[in-house]
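Notes to accompany the following structure.
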Amino acid sequence: MINIKKKTIVIASNNPGKIKEMSYYLKKINSKILVSKNFKLKEPEENGKTFEQNALIKARYVNKRLGRIALADDSGLVVPSLQGKPGIYSARLAGKNRNFSLAMKKLNSLLFRKKPNAYYISVLAFSWGKKREKTFTGKIFGNLTWPPRGCFGFGYDPIFVPNGYNKTFGEIKESIKNKISHRAIAFKKFVDFLN
């Protein structure tokens, strides 16, 4: 257990969408928030085979380089009918330029005549010292739709319809998404751990 109130947490990410969402949740625990990209750190090689391994790689890297409490997120979209793809390669499917319009088109073509059920997963890795770390996992289940709808969110949000809703994450207001998303579920576990 660690008391991080009024302490500094470094978000180990260069992804603007993730940074925005993670900052939203971190503001609730009264900590000062910094972002690793402001320290001009190179991004570590994400060579893990699971979301948890990749999240830990990022958190450990920032914690070790800066000597500060670090929080990383590895997340993505999992489609069971595609053997779990894109999975840990969700961002890489969008290419170096992070073109998610292209990634969504690729995914839609792979889904031809396959079941469109999918889930988003977020794994938070919290590192606050040598071998002092913990992970928290959140998932939200739904279906993929085509064509993309909505301009909110980021990544695959315009084609993901969460169960119980008829709108995509791209159409759902940020205030609602921040209560129900995979990242919201993971952060609730994280906050429960801190308390």
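The values are calculated or read from the model by the stated rules, or taken from the named source; none is laboratory data. Keep in mind it's a predicted model, so treat the numbers as computed, not measured. Cβ sites come from the backbone with ideal geometry, for glycine too, and all protein chains shown count toward neighbours. Note: accessible area is taken over every heavy atom of the protein model, side chains too, but ligands, DNA and RNA are not part of it. Shrake-Rupley method; radii C 1.70, N 1.55, O 1.52, S 1.80 Å.
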- Query: Can ALA59 be described as within 13 Å of ILE9 (Cα to Cα) and at pLDDT 90 or above?
  - Reply: yes
- Task: Consider only pairs whose beta carbons are under 9 Å apart and that are at least six residues apart or on different chains; among these, list those whose first residue lies in the range 27-53 and is under 15 Å from ARG92 (Cβ atoms) and open to solvent by 90 Å² or more (accessible area, probe 1.4 Å) and whose second residue is at pLDDT below 90 and of a type outside the set (S, T, N, Q).
- Result: GLU43/LYS37
- Quick one: ARG65 ticks every box in (1) crowded, with 16+ Cβ neighbours inside 10 Å; (2) closer than 21 Å to ILE88 by Cβ bar one, so which box is it? (2)
- For THR137, work out the one condition from (1) touching a strand residue (DSSP E or B) at 6+ places or on another chain (Cβ under 7 Å); (2) farther than 30 Å from ARG65 by Cβ it doesn't fulfil. (2)
- Out of the residues in the range 80-92 that are assigned to a helix (DSSP H, G or I) and within 15 Å of the chain's Cα centre (by Cα), state the one that is nearest to LYS114 (Cα to Cα). GLY87
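Give ALA118, ALA72 a once-over and let me know the one that is closer than 21 Å to VAL35 by Cβ, touching a strand residue (DSSP E or B) at 6+ places or on another chain (Cβ under 9 Å) and at pLDDT 95 or above.
ALA72
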- Query: List the pairs whose first member sits in the range 65-84 and is free of Cβ contacts under 8 Å to residues at least 40 places away in the same chain, whose second member is in a loop (DSSP other than H, G, I, E, B) and open to solvent by 10 Å² or more (accessible area, probe 1.4 Å), and whose Cβ atoms are under 8 Å apart, counting only residues at least 6 apart or on separate chains?
  - Reply: ARG65/LEU41; PRO80/LYS115; SER81/LEU111; SER81/LYS114; SER81/LYS115; SER81/PRO116; LEU82/LEU111; LEU82/LYS114
